[in-house]
Amino acid sequence: MKTDIVGLTGHRPNNFSASQRDYLKEELARIIDKLEPEIAISGLALGSDTWWAEQALLKGVDLHVYVPCIDQPSKWHDEDKMRWETMLTSAEKVFLAGFYPATLEAIDGHPQTRIQVMKREYADHTYSVKAMMNRNKAMIDNSDIMIVVWNQDEKKRGGGTKQAWDHIKKKNKPHVVIDFTAKKPKTTIVREKE
């Protein structure tokens with residue numbers, strides 16, 4: 001079942017046990033095999049986004065990363081910063097939601113033809129919640145199908161993944177849900193628009 005562009009939104013690593021992380025990585029690989037995307041879109045946040053990007057690269061899928069701003073990993077651990085830089089360097093294209101004068105110069109070794117600033121409607125100039133939300137909207141708007149990874153009870157859902165889910169529903173976007181809230185993880189593919 002060939003799909004052109006598949007994006008992902010999901011929770012951070014602290015929301016997953018070690019066995020759930022392993023399961024999710026395997027499930028993402030199975031989804032790539034099933035959907036056969038030409039392009040995988042990742043926001044490169046810690047957790048689900050990074051694991052999606054890694055699986056896409058392992059499977060030979062072109063990676064497009066949508067980052068809210070170039071200092072996205074500034075407060076992360078050094079190991080996570082290195083993974084982020086590896087994914088950014090490995091990406092076919094890099095889209096920036098936050099743009100300010102030093103941005104392009106700050107990305108060493110990245111040909112400027114690979115770097116694009118998102119449309120003005122998504123742009124923000126600083127590291128902010130708004131930049132993250134705009135990044136999510138751009139990923140969804142540019143995907144043919146979105147993967148949503150839930151690991152929170154519906155009553156506790158909030159933040160970026162919830163905001164992205166609301167935008168997916170508003171856009172009536174085909175989606176895959178990987179839900180860890182039940183006793184056994186469940187994956188549901190909704191190919192047709194609801």
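Values computed for the structure shown
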read-out	value
From the options Glu26, Glu54, Glu79, residue that is surrounded by fewer than 17 Cβ atoms within 10 Å (Cβ to Cβ), among the acidic types (Asp, Glu) and closer than 21 Å to Met146 by Cβ	Glu26
Residue in segment 67-82 that is touching a strand residue (DSSP E or B) at 6+ places or on another chain (Cβ under 7 Å), at pLDDT below 90 and within 22 Å of Asn15 (Cα to Cα) present	yes
Val94 vs. criteria at pLDDT 80 or above, in contact with a helix residue (DSSP H, G or I) (Cβ under 9 Å, 6 or more places away or on another chain), farther than 30 Å from Ser17 by Cβ and crowded, with 18+ Cβ neighbours inside 10 Å	yes
Residue in segment 11-32 that is modelled with pLDDT of 95 or more and in contact with an Asp or Glu (Cβ under 8 Å, 6 or more places away or on another chain) present	no
Segment 171-190, residues that are in contact (Cβ under 8 Å) with a residue 12 or more places away in the chain and part of a loop (DSSP other than H, G, I, E, B)	Lys171, Asn172, Lys173, Pro174, Phe180, Thr181, Pro185
Identity of the residue in segment 1-10, under 13 Å from Ser143 (Cβ atoms), out of contact with any Leu (no Cβ under 6 Å at 6 or more places or on another chain) and surrounded by 22 or more Cβ atoms within 10 Å (Cβ to Cβ), that ends up modelled with the lowest pLDDT	Thr9
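Condition check ((1) in a loop (DSSP other than H, G, I, E, B); (2) at pLDDT 80 or above; (3) of a type in the set (Ser, Thr, Tyr); (4) touching a strand residue (DSSP E or B) at 6+ places or on another chain (Cβ under 8 Å)) across all residues:
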{"site": "Arg120", "(1), (2), (3), (4)": "yes, no, no, no"}
{"site": "Thr126", "(1), (2), (3), (4)": "yes, no, yes, yes"}
{"site": "Lys130", "(1), (2), (3), (4)": "no, no, no, yes"}
{"site": "Asn134", "(1), (2), (3), (4)": "no, yes, no, yes"}
{"site": "Met139", "(1), (2), (3), (4)": "no, yes, no, yes"}
{"site": "Ile147", "(1), (2), (3), (4)": "no, yes, no, yes"}
{"site": "Gly160", "(1), (2), (3), (4)": "no, no, no, yes"}
{"site": "Gln163", "(1), (2), (3), (4)": "no, yes, no, no"}
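The values are calculated or read from the model by the stated rules, or taken from the named source; none is laboratory data. Keep in mind it's a predicted model, so treat the numbers as computed, not measured. Cβ atoms come from the backbone with ideal geometry, glycine included; neighbour counts cover every protein chain shown.
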